[in-house]
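The structure under discussion appears below in the form of structure tokens.
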Amino acid sequence: GHYEAIAVAESLLERGLSVTFVTGQPSFAPKLEASLSAAPALERLGAQQFQLLTYARLVEVGAREAKIAFHYGGERTVRADTVVFVSHNVCNRELLDALEGWRGNVTAVGDVVSPRFLQTAIREGHLAGRGIA
């Protein structure tokens, strides 16, 4: 429902591939609707070899195919040479924990703090960089 999956779809389409975009959401990118970004992205994608399946989820990946199940019932198998799974973010503190006890400045940003959208993580990193004296 956000930028990451759209960026993957656009990148694949730019390479001349066809894309079947599967989302469990009732619409294409609900987290972008408030910024009015969803409709233009859908127009760009829809002008190419793009198919949108809503209220659906990936249930199985086979040899050159993927099985999709719809929340309202039924399944469908689609041809798939590549499957890109975009999911919720999770916090990753490995580097921060490894730096515990280090005497230099450490500023936690992005998914180290908690799951973030990409734009928020970039802003936090930018502000941390600007704060270096």
### Task
Give region 26-48 a look and list any residue that's surrounded by 13 or more Cβ atoms within 10 Å (Cβ to Cβ) and among the polar types (S, T, N, Q), or say none.
S27, S37, Q48
### Summary
Of the conditions (1) under 26 Å from S27 (Cβ atoms); (2) at pLDDT 85 or above; (3) surrounded by fewer than 10 Cβ atoms within 10 Å (Cβ to Cβ), the single one that D97 does not satisfy is (1)
## Note on the structure
When region 104-123 is checked residue by residue, the ones that are of a type in the set (K, R) and on the phi > 0 side of the Ramachandran plot are none
### Task
Please state which one of L52, L36 is in contact with a strand residue (DSSP E or B) (Cβ under 6 Å, 6 or more places away or on another chain), under 18 Å from H2 (Cβ atoms) and not hydroxyl-bearing (S, T, Y).
L52
### Exclusive hit being in contact with a Ser or Thr (Cβ under 8 Å, 6 or more places away or on another chain) and either over 19 Å from V78 (Cβ atoms) or open to solvent by less than 60 Å² (accessible area, probe 1.4 Å) (or both), set L13, L53
L53
### Query
What's the number of the condition E100 fails, among (1) closer than 23 Å to H2 by Cβ; (2) without any contact (Cβ under 8 Å) to a residue 12 or more places away in the chain; (3) not aliphatic (A, V, I, L, M)?
(1)
### Task
Six or more apart or on different chains, Cβ under 8 Å: which pairs go from a residue in region 69-92 that's in contact (Cβ under 8 Å) with a residue 24 or more places away in the chain to one that's part of a strand (DSSP E or B) and of a type in the set (S, T, Y)? Could you list them?
V78/T20; A80/T20
### Query
Pick from region 28-78 the residues that are assigned to a helix (DSSP H, G or I) and not hydrophobic (A, V, I, L, M, F, W, C): which of them is farthest from L118 (Cα to Cα)?
G46
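The values are calculated or read from the model by the stated rules, or taken from the named source; none is laboratory data. All figures in this text were calculated on a predicted structure; none of them were measured in a lab. Please note: Cβ atoms are built from the backbone with ideal geometry, for glycine as well, and neighbour counts cover all protein chains shown. With ligands, DNA and RNA removed, areas are computed over all heavy atoms of the protein, side chains included. Shrake-Rupley method; radii C 1.70, N 1.55, O 1.52, S 1.80 Å.
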